[in-house]
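> One structure follows; several queries about it will come next.
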Amino acid sequence: MTQNTSAWRNDALAKVTGKAKYADDYKFYEMLHVVPVYTEEVSAEVLAIHTDEAARMPGVVRVVTYRDVPGKVNFGQIQKDYQILASDRIRMHGDVVALVVAQTRAQALAAAACVKVDCKPLPAIFDPEEGYKDNFLIHPDKGTNLINHHAVRTGNAQEAFKSCDFVLEEIFTTQHQEHAYIEPESSVAVPDDDGVIRIYGSMQHPFVARRFTACLLGEPFSNIEVFTIAVGGGFGGKDDTAALVAARAALCARLTNRPCKLTYDREWSMRESYKRHAYKVYYKMGFSGSGLIQACDVTIFADGGAYCSVTPWVTWRSTVQCCGPYCVPNVHCDTYGVHTNNIFTGAFRGFGSPQMNFIVEQMVEKAAQTLGMDEIEFRRLNMVKQGSTTITQQKLDGHTVSMAEVLDTTLAKIDYYEKRKRNTYGVLNETGEYYAVGLAMSYRGMSLGAEGIDICAAIINAQYDGSILIETGIHENGQGSEAAMILMAAECLGVCKDRIRYRRSSTSSIPDSGTTVASRGTLMGTSAIVLACNKLKEQMARVLSESLKCQPKEVRFENDGLCGPNHTITWDEAVWTMFLRQEHPYAMATFQAPEVSWDEETGHGNAYFTWVYGCQAVEIAIQPKTGKIRLLSAAATHDVGKAVNPPFVLGQIYGGMAQGYGYATMEDLGIKNGKVTNLNLGKYKIPKATDVPDFIVTIVENPDPLSKSHAKGIGEPALELMAPAVANAVFHATGQRCQSLPVTVTPQS
Amino acid sequence: MEITINGTKHIIDDARQDEALLEFLREDLNLTGTKNGCNVGVCGACVVLIDDKPMRACRRQLKHAAGKNVLTVEGLSQNDTLHPIQQAFLDKAAVQCGYCIPGMLLSGHALLMQNQQPSRDDIRKAINNNLCRCTGYVQIVDAIEAAAPHYAKNE
């Protein structure tokens with residue numbers, strides 16, 4: 001079958017024909033099935049795990065507990081506090097105490113019910129502020145429930161408040177959010193005859209899966225190869241949890257010496273997988289009568305749940321961006337990531353920014369309202385501009401600061417000024433509804449910033465028949481990263497994209513390039529592709545300049561060939577000539593993110609090497625009897641630097657807006673005493689096709705010189721603005737502020 | 001019991017009548033294009049057509065398909081030619097992670113067999129029980145809308 005399309009991505013054909021293979025679609029000869037065993041506790045001492053009865057059940061090959069672990073049972077990306085199989089203690093409802101391995105899944109399920117665990121219940125904490133008091137320690141070895149503390153100390157906020165004309169103090173809370181990728185976690189581990197365990201799993205970070213697995217097995221990285229396969233969505237959620245599933249499958253495969261499949265059902269996934277952090281935030285903002293923000297004091301309590309995961313990184317972004325895209329000369333911010341016995345929390349598209357945007361974008365409107373000032377003008381007055389200094393003392397230069405451009409575009413696209421004349425402010429309109437428009441904007445530091453090592457590798461391997469293999473350390477999670485890399489390579493090499501195949505990389509084929517999160521895939525991956533292409537072109541120009549009768553620097557790569565001032569050769573001729581000259585047209589290059597800096601004590605530094613700017617607005621109607629919010633229209637404008645594959649940039653934005661709308665209005669896990677009660681997609685509502693309208697999206701392209709491809713990122717900016725836009729619209733419609741998520745409007749009888 | 005799946009007749013032991021259709025498709029026939037997202041009939045990743053009606057294969061037992069025609073995503077394209085609705089999903093950038101796509105294609109296909117001039121609201125209603133977490137639905141609606149004229153032509 002051939003593909004003749006206007007929009008293009010390399011993996012879509014397999015996905016529309018049902019041929020794309022996701023983890024659970026893989027089958028291997030003599031494969032066994034694994035299921036996890038949980039307890040009903042959320043906080044308890046484990047006295048004994050009884051596996052004898054389960055082991056005698058039909059079809060059972062082995063029941064695995066922590067006692068069977070050849071390596072270390074504890075792991076984690078930052079703190080090694082997660083027990084991949086619980087040994088002495090239960091810290092959350094999703095802790096796994098055993099794995100049952102059987103011939104069939106049905107047999108494994110039946111036997112799992114026969115594993116008995118003796119527990120002695122312990123006290124439990126479900127509120128991070130309570131946890132912060134350290135009255136009961138969730139990890140006694142740490143000596144504290146505090147996971148991390150971040151601070152910003154800019155100017156002198158306490159002094160500045162004294163001279164402010166107005167000071168507002170508010171409290172906000174946000175809920176946990178489930179990623180709700182439509183494919184639950186799954187991994188198949190195959191012990192091969194060369195001693196390597198090969199893993200085919202649903203994950204967005206094969207390198208983390210390898211780290212978890214190597215730790216659990218006590219084996220070197222070279223013994224474990226994790227492959228890229230089709231993944232049914234990640235949104236940040238298939239980092240740690242997917243790695244745990246892979247590591248457990250690999251453990252069972254090593255112990256039984258047979259292929260083992262561990263496929264999660266939805267309830268296990270929702271019970272065990274980490275969520276977006278719930279926040280409680282105390283926010284104080286002081287400003288002058290003329291509308292200038294002069295000081296902010298921000299105290300953030302983030303519910304880290306039972307394990308650290310990436311809480312220090314998530315809350316660091318909240319800290320850096322705690323004042324939104326506004327210049328504030330005096331800032332005092334304290335951010336605490338705290339353990340509780342709730343489900344643990346980690347990476348989720350947005351990564352600490354959706355919570356803060358929900359708050360900041362309401363605070364600026366409250367301030368404007370206090371002053372009787374236009375909410376857009378208040379923003380314009382305070383927002384970052386070219387050359388502005390951020391609250392962490394970073395000067396915004398070296399890229400285009402397009403805050404005003406995205407704001408103006410969004411205002412125009414949704415017709416904000418006209419429509420806001422019809423805002424109802426609590427008085428029903430002629431159709432008996434409340435109605436309003438609402439807006440929010442943000443800036444966002446790109447990629448990992450000072451969180452950690454930020455590098456990405458790319459390999460270009462041109463074959464002598466004219467075809468080209470490329471690969472990068474970025475993972476295809478569904479976003480279309482492979483297609484973006486192909487398009488970028490085709491552009492750089494001046495060849496037709498049909499020559500290029502994206503080679504699905506494995507952890508053994510390309511250096512560890514970090515996790516595909518933080519909206520860094522396109523930015524880091526295409527930058528690495530550009531560097532590798534440049535290297536390849538240099539090599540080819542050197543070897544082939546003689547054939548082109550010119551200097552190497554005169555060689556141009558275009559129209560599927562190489563051109564000198566007077567001569568041209570086709571790409572096919574070029575690579576064949578390279579072969580005859582015994583030269584491999586092969587290049588590997590690494591893009592290292594430009595330098596960033598951070599001082600933990602002052603919270604000062606160049607936190608991110610570049611930034612993106614976005615603005616979204618919504619138009620809503622509310623039925624007073626039901627309190628139900630209807631999203632009539634929504635507009636978004638995002639500066640992405642360069643849109644490598646525009647139809648899929650739009651797709652990212654549409655999808656982010658829908659996911660953000662779910663966060664804003666309906667998504668609720670119903671966590672009660674540490675237990676997730678909405679364990680499937682029936683009770684945990686995510687937006688359906690009739691919940692959202694046709695979004696109006698504008699892509700802005702201000703090429704970023706700090707990115708080798710000039711492209712930046714879009715995954716997360718697309719999600720992080722809907723909650724504040726909706727909350728602001730609800731205020732303009734009803735006159736009531738919603739300071740907790742999800743936004744709800746009380747029905748009027 | 002006899003079930004026709006993508007045009008091929010399968011004779012199945014009556015003793016298996018209470019087995020889930022989804023499991024039979026995936027495990028017995030290796031038709032893994034039909035996905036399991038929730039196993040309780042709410043996500044729509046397992047939607048197949050039974051006598052042209054969209055049904056959740058995770059909640060249907062083999063007996064519900066006895067004597068009937070089942071169409072899965074693997075049966076949409078014929079003779080190595082993409083079905084117009086599949087082509088439209090490619091053209092309109094409707095595919096991201098792809099996990100919901102088989103169900104979306106079949107819900108869209110069922111709609112367009114009934115209604116060749118659906119409004120965008122009609123399309124949204126037809127896929128309202130197919131959850132997608134990637135696309136925000138816009139380009140999926142675009143794709144089904146773009147495929148509609150091909151169904152009219154074949155009438």
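Every number in this text was worked out from the coordinates using simple rules, so none of it is lab data. Owing to the predicted nature of the structure, the values given are computational and were not obtained by experimental measurement. Note: ideal-geometry Cβ built from the backbone for every residue, glycine included; neighbour counts use all protein chains shown.
> Can you give the three extents of the C-alpha atoms in the range A:382-475 along their principal axes, from longest to shortest, in whole Å?
Cα spread of the range A:382-475 along its principal axes, largest to smallest: 71, 40, 22 Å.
> Looking only at Cα atoms, what is the convex hull volume of the range A:151-247 per residue, in Å³?
Considering the Cα atoms of the range A:151-247, their hull volume per residue is 167 Å³.
> Sticking with this one: Nearest-5 percent of antiparallel DSSP beta bridges in the range A:381-534?
65
> Per the helix-only calculation at 222 nm, which mean residue ellipticity applies to the protein assembly as shown, given -39500 (n - 2.57) for every DSSP H run of n ≥ 4 and division by its residues, nearest 500 deg cm²/dmol?
-8000 deg cm²/dmol, from helical runs alone.
> Okay, next question. With the Cα gyration tensor of the range B:13-73 in hand, give its eigenvalues times 5 under a square root as the equivalent ellipsoid semi-axes, listed largest first in whole angstrom.
16, 13, 11
> For A:Lys421, give me every one of the lysines with a C-alpha distance below 17 angstrom, ignoring sequence neighbours fewer than eight places off in its own chain.
A:Lys413
> Please go through the residue pairs A:Lys275/A:Lys712; A:Lys142/A:Lys280; A:Lys21/B:Lys35; A:Lys80/A:Lys238; A:Lys628/A:Lys688; A:Lys133/A:Lys238 and name each one whose alpha carbons sit more than 20 Å apart in this structure.
Going by Cα-Cα distance, A:Lys275/A:Lys712; A:Lys142/A:Lys280; A:Lys133/A:Lys238 fall outside the 20 Å limit.
> Still on this model: What does the convex hull of the Cα atoms come to per residue for the range A:309-423, in Å³?
Normalising the Cα hull of the range A:309-423 by residue number yields 157 Å³.
> Other chains near B:28-39: what is the mean number of their Cβ atoms within 10 Å of each residue's Cβ?
Taking all residues of B:28-39 together, the mean is 5.
> Please compute one quarter of the surface area of the Cα convex hull for the range A:420-543 and express it in square nanometres.
Directional mean of the projected Cα hull area for the range A:420-543 stands at 13.2 nm².
> Going by a ≥ b ≥ c, the root eigenvalues of the Cα gyration tensor, does the range B:36-155 fall in the rounded group (a/c under 1.5), the prolate group (a/b larger than b/c) or the oblate group?
Oblate, because a/c is 1.5 or more while a/b does not exceed b/c.
> If you take the alpha carbon radius of gyration of the range A:62-138 and divide it by 2.2 N^0.38 Å, what ratio comes out, to two decimals?
Relative to the rule-of-thumb radius for its length, the range A:62-138 sits at 1.35.
> Where does the range A:106-205 land on the Kirkwood hydrodynamic radius, alpha-carbon pairs, in angstrom?
20.9
> For A:Glu377 and B:Ser119, what does the FRET efficiency come to when R0 = 41 Å and r is the distance between their Cβ atoms, rounded to the nearest 0.05?
It comes out at approximately 0.55.
> While we're on this one: Over 5 Å intervals from 0, what percent of Cα-Cα pairs in the range A:550-702 sits in each interval?
Answer for the range A:550-702: a P(r) of 2, 6, 9, 10, 9, 9, 10, 11, 9, 6, 6, 5, 4, 2, 1, 0 percent.
> Enumerate the amide H contacts of A:Cys308 below 5 Å, restricted to partners 5 or more residues apart or on another chain; note that Pro and chain-start residues carry no placed amide H.
Under 5 Å from the amide H of A:Cys308: A:Asp81.
> When a/c is below 1.5 the answer is rounded, else prolate if a/b is larger than b/c, else oblate, so apply that to the protein assembly as shown with a ≥ b ≥ c taken from the square roots of the Cα gyration tensor eigenvalues.
Note, shape of the protein assembly as shown comes out rounded.
> Using 0.36 nm times the number of residues separating A:Leu137 and A:Tyr282, minus their current alpha carbon distance, what extension gain do you get?
Extra length available between A:Leu137 and A:Tyr282 comes to 49.8 nm.
> Name the shape class, rounded, prolate or oblate, that the alpha-carbon gyration tensor gives for the range A:591-656, where a ≥ b ≥ c are the square roots of its eigenvalues, rounded holds for a/c under 1.5, and otherwise prolate holds if a/b is larger than b/c and oblate otherwise.
oblate
> For B:Cys43, enumerate residues with amide H under 5 Å from its amide H, sequence gap 5+ or separate chain, H modeled in the peptide plane.
Correct list: B:Cys38.
> Among DSSP beta bridges lying fully in the range A:260-360, give the percent that are antiparallel, nearest 5.
Taking every DSSP beta bridge with both residues in the range A:260-360, the antiparallel ones total about 45 percent.
> Here's a follow-up. Using all Cα-Cα distances in the range A:497-577, what percent lands in each 5 angstrom bin from 0 up to the longest?
Here the calculated profile for the range A:497-577 is 3, 13, 19, 20, 14, 12, 11, 7, 3, 0.
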